[in-house]
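A short worksheet on the structure shown next.
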Amino acid sequence: MKKRFFLVSLTITFLGIIIYALISTNVYYNNAISQTKDTLVVYMNQYDESLKFDNTGAKSLSDKLSGARVTFLQIYDIDKVIVVGDSQKEDITQNHSDRVEVIDAINLGYGYSVRNSDSIGKKLIYYALKTTDEHIVRISIPTSSSFKLFYESIPTILIFLFIDLIVCAFISLFAVDLILKPVERMTKDSALFKKVTATYPELEPIADIINRRNKEIKEKIENIKENKKIENMILNNMEHGMAILSKNFRVILSNSVAKSILDIRDNDTIYLDDELKEAMQKGENSIIYRNIDTRDYAFRISVASDAYVILMTDVTKIKNAERSKNDFIANVTHEMNTPLTSIKGFAELIKLQMLDEKTLNHACDVIIKQSNRLSNLIKNIINYSSYEDENIEIFNINISSIIKNTAESLEGGLKNLNLTVNYDIDDDIYIHSREERIVEITTNLVSNAIKYNKQNGSIFVSLKEYDENIIFEVKDTGLGIKEEEIDKIFDRFYTIDKSHNEATSGFGLGLAVVKKICENQKWKIEVESSYGEGSSFRVIMKK
Ligand code: ADP
């Protein structure tokens, strides 16, 4: 800008100087001609008729006129005007009838002309005066040509140009800064999205456009920010992990869940095993399962034209359910297999009619016993499965009376081992639940305390209400549980002593049901046990 400003101002002033020089040279030249003409008139007044009309007379007059050239001409007719005397040339008898000043002098009485003299080779200004009908006196003095005048003014022009150069440099240094300051301020304000004001009226339309554009850009940026916020909100609040990868497996976009699953640290690089990479490179949508940090994830890979989209879903629950279902089926099959093998074996023996009466009787007892066991197993499984439904309606129920009644109904079992039971149950404690759940928990815990007790042992059943919790406890002075078994006793079909279990008809589903109910109700179950001394089962119910 400064450079351009410098060049423009330099060109303008340069042209100005040249034009001024030309005009002033012309004016000066015209002035000089006019002044010379006046001088010639004054000179002509010096002419006196007594002078001889020849070279001598011409020289004599010339001497009086500071050496101005004097020519005397004799008019013969209009086409013949002959030089008869000249102060500078002696042998001239030329016809001057074609000279402008001579023609004018013949016609008007006087005439002027400016031209190069052929005879003396100089630029002269001529003044001719017709003195008589036959005579013309002509005086001429040299004059400068306009070109010469211009030529002579070139050094002056150059000095002016030099000054011009310095002035232009100053203008471009300071004036441009001064002039452009408002423009620079507008640019700065515009860059900072501030309102732009124009100092010069000429800049107002630009300021208007900038303000309008800035407003539009601001609105667009706000929109983009808002969209980005929403996008981030959706992405980062998604339960699933989502990542978009370029074809060379660089991360283009990823949400927080994907970052933690795939351990994306610098938001760009990612570790993918070969199987995942191959699945993507195949170019088909696919699902791959991965176990990361004890959790199971399904990686749904969608192949776009220039990116891969991976949706990561936590399928731990589904996978666990699948595993649990498979375990359950395996356990049920196993539990059923034992009595069925027995029943089948004895039934085949009976069919062969090879058994004596005593053995036949025993075979029938075994078949009946194992059929009962099978039937009990089926009842237990049905009972266990009935607690699968989590979204069942619950009521405010009096658990004090339910627990008391259920425990008392089991007292018949105390006789075998001569057990005593003690109750410490606060009255009328209410909680949101279902009666059958409380009955199930009480039945399992109290019947276990009876089953796994010792001769003359005791059982303590208590229900206490605290600020935030209600604690139901069943304590016994029985066999106790080894420390390493404690974590396993809540697993389905887990029984500690199979031979003992056989006698008591346990399938290892009782505590599994208690655990499932507690999970559904978001209650906690705790066990304390000392092997050989007794156990305590505590259900902590949230009010
Ligand atoms: P079961 O039908 O075998 O009683 P449970 O699920 O009720 O099944 O119990 C699982 C196992 O936990 C039992 O086999 C038993 O060995 C152990 N157990 C449960 N309660 C007690 C207790 N009060 N004292 C000692 N062992 C217990």
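Before moving on, here are some points about what is shown:
- Subset of the range 60-88 [buried (at least 18 other Cβ atoms within 10 Å of the Cβ) and of a type in the set (Phe, Trp, Tyr)]: Phe72
- Of all residues in the range 214-241, those being more than 28 Å from Asn255 (Cβ to Cβ), surrounded by 12 or more Cβ atoms within 10 Å (Cβ to Cβ) and without any contact (Cβ under 8 Å) to a residue 24 or more places away in the chain number 1.
- Given (1) more than 9 Å from the ligand (Cβ to nearest atom); (2) more than 26 Å from Thr420 (Cβ to Cβ); (3) surrounded by fewer than 20 Cβ atoms within 10 Å (Cβ to Cβ), index of the condition Phe490 fails: (1)
- Test: Lys415 is exposed (fewer than 15 other Cβ atoms within 10 Å of the Cβ), more than 60 Å from the chain's Cα centre (by Cα) and not aromatic (Phe, Trp, Tyr): yes
- Candidate set: the range 440-483, residues that are in a strand (DSSP E or B) and near the ligand (Cβ under 8 Å from one of its atoms); chosen: the one surrounded by the most Cβ atoms within 10 Å (Cβ to Cβ): Asp476
Results for (1) among the β-branched types (Val, Ile, Thr); (2) closer than 21 Å to Thr495 by Cβ, shown as yes or no for each residue.
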residue	(1), (2)
Asn326	no, yes
Ile329	yes, yes
Pro339	no, yes
Ser342	no, yes
Lys351	no, no
Leu355	no, no
Asn361	no, no
Asp365	no, no
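- Yes/no for Ile394 being farther than 20 Å from Thr333 by Cα, away from the ligand (no atom under 16 Å from the Cβ), loosely packed, with under 14 Cβ neighbours inside 10 Å and of a type in the set (A, V, I, L, M): yes
- Qualifying residues in the range 1-23 (those that are of a type in the set (Ser, Thr, Tyr) and modelled with pLDDT of 80 or more) - the one nearest to Gly111 (Cα to Cα): Tyr20
- Residue match in the range 409-431 (condition: within 24 Å of Phe493 (Cα to Cα), of a type in the set (Ser, Thr, Tyr) and in contact with a helix residue (DSSP H, G or I) (Cβ under 8 Å, 6 or more places away or on another chain)): no
- In the range 474-498, the residues that are in contact (Cβ under 8 Å) with a residue 12 or more places away in the chain form Cβ pairs under 9 Å with partners that are near the ligand (Cβ under 9 Å from one of its atoms) and acidic (Asp, Glu), at six or more places apart or across chains, as follows: Leu479/Asp497; Tyr494/Glu485; Ile496/Glu485.
- Contact map, the range 1-12: first residue outside any helix (DSSP H, G or I), second residue at pLDDT below 75, Cβ cut-off under 7 Å, separation 6 or more or different chains; pairs are Met1/Val176.
- Residue check, Pro182 exposed (fewer than 11 other Cβ atoms within 10 Å of the Cβ), at pLDDT below 90 and assigned to a helix (DSSP H, G or I): no
The values are calculated or read from the model by the stated rules, or taken from the named source; none is laboratory data. Everything numeric in this text was worked out from a predicted model, so none of it was measured. No Cβ is skipped: glycine too gets one built from the backbone with ideal geometry, and neighbour counts run over all protein chains shown.
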